[in-house]
Amino acid sequence: MKLPIGKVPVDVLKEVVFKSLGVKRKEVVVGPSAGVDGAVIDVGDKSLITSMDPITGAVERIGWLAVNVNANDVATFGVKPVFFSSCILLPEGAERQTVEVICSQMDAAAKKLDMAIVGGHCEVTPELVNPVVVGCAVGMTRKGNYVTAGGAKPGDKLILTKSAGIEGTAILATECSAVLRKMGVDEKLLNSAQGFFEKISVVTEGVLAFEAGGVSAMHDPTEGGIFGGIHEMADASNLGVKVFKEKMPVAEETLEICRFLQIDPLQLISSGALLIAAKPESTDKIIEKLKRCKIEVSVIGEFDSSQKRLILRKNGAEEPLPCPECDHLWLALAKSK
């Protein structure tokens with residue numbers, strides 16, 4: 001079986017990866033499972049939240065993304081990330097300046113999030129084409145004081161912060177800038193899209209939403225975009241979901257770049273957005289708290305017990321919620337070569 005580019009399919013995770021997890025330890029209260037991007041380890045009266053992710057599709061801001069993407073996974077538990085470690089893999093011929101750039105980006109991102117970089121590894125790796133940074137973030141909280149992506153309940157409202165395709169927009173506007181200019185993308189729009197790197201963090205909204213109360217689950221839609229993230233959340237919670245296509249916010253910059261590259265913004269990697277499952281009676285309170293901090297927020301759907309994943313149109317028509325085979329970032333990067 002030849003695997004697609006990007007995340008390994010869920011069936012491979014369940015049939016292979018999740019069956020090879022070493023010994024069971026009582027401290028591990030949340031271990032590997034589909035749709036859950038972190039683990040919970042109880043130590044004394046504390047719960048440690050830990051998560052790991054690689055950055056593989058970006059070059060220009062790879063250090064910045066490594067810190068923020070991993071920090072985001074911890075924040076989806078409602079917990080502030082505090083520690084970060086990394087494994088930096090460099091292609092043959094890489095120069096000292098590359099290490100300096102990546103490390104300075106990680107330093108700036110960690111300082112902005114009030115995180116300590118506590119260790120890692122750095123090497124030149126044979127046959128590697130571009131740098132790869134694998135990061136690990138850790139947060140601490142009072143024992144049991146967190147949510148997971150698998151906690152959504154029937155009737156919970158599905159909330160989305162910011163907009164779709166934030167990370168993908170930033171990467172494509174940077175890595176494919178020359179191609180997009182030739183295609184006719186406006187320079188002002190391109191510059192604005194490159195600035196989307198500053199929107200990548202969801203730490204603030206993750207912590208604020210959890211503190212507001214009434215949050216059942218949270219998840220950041222990375223590979224596979226908003227559609228992929230919704231499927232992962234529904235998988236983790238063993239629920240169905242209905243989403244309203246017209247209520248899913250997409251920035252003008254994202255729409256334009258996706259139009260030129262002929263990809264779907266709702267299947268484009270979306271770090272920077274946060275999916276929140278909230279109790280109906282708490283939804284307004286969560287939205288109000290986020291809006292007070294100038295965080296854009298929309299109610300885009302609702303979870304149910306049907307096991308169906310549907311898109312609802314304004315005219316009442318229903319259609320299956322697409323399940324991305326691979327993130328549309330990879331499609332776009334392939335087209336731009």
Report yes if Ile263 is under 22 Å from Ala217 (Cβ atoms), in the same structural domain as Leu310 (by TED's automatic domain parsing) and in contact with a Leu (Cβ under 9 Å, 6 or more places away or on another chain), otherwise no. no
Might you check whether a residue that is within 18 Å of Lys153 (Cα to Cα) and of a type in the set (Ser, Thr, Tyr) occurs anywhere in the stretch 229-240? yes
Only one of (1) part of a strand (DSSP E or B); (2) among the charged types (D, E, K, R); (3) farther than 19 Å from Gly228 by Cα does not apply to Asp53, and that is (3)
Out of Asp235, Asp264, which single residue is at pLDDT 95 or above, surrounded by fewer than 24 Cβ atoms within 10 Å (Cβ to Cβ) and either farther than 20 Å from Gly38 by Cβ or out of contact with any Lys or Arg (no Cβ under 6 Å at 6 or more places or on another chain) (or both)? Asp264
Return the pair list, or none, for Cβ contacts closer than 8 Å from residues in the stretch 1-26 that are touching a residue at least 60 places away in the same chain (Cβ under 8 Å) to residues that are surrounded by 10 or more Cβ atoms within 10 Å (Cβ to Cβ) and part of a helix (DSSP H, G or I), at least 6 apart or on different chains. Ile5/Trp330; Gly6/Trp330; Val10/Asp235
Val138, sole failed condition from (1) part of a strand (DSSP E or B); (2) under 14 Å from Ile88 (Cα atoms): (2)
Only one of Lys14, Lys2 is outside the structural domain of Ile166 (by TED's automatic domain parsing), part of a loop (DSSP other than H, G, I, E, B), more than 19 Å from the chain's Cα centre (by Cα) and surrounded by fewer than 17 Cβ atoms within 10 Å (Cβ to Cβ), namely Lys2
Verdict on Lys291 being of a type outside the set (A, V, I, L, M, F, W, C) and surrounded by fewer than 16 Cβ atoms within 10 Å (Cβ to Cβ): yes
Residues of the stretch 184-211 classified as in a helix (DSSP H, G or I) and in contact with a Leu (Cβ under 8 Å, 6 or more places away or on another chain), total: 8
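The values are calculated or read from the model by the stated rules, or taken from the named source; none is laboratory data. The structure presented is a predicted model; accordingly, all values stated were derived computationally and were not measured. Ideal geometry is used to build each Cβ from the backbone, glycine not excepted, and the neighbour counts take in all protein chains shown.
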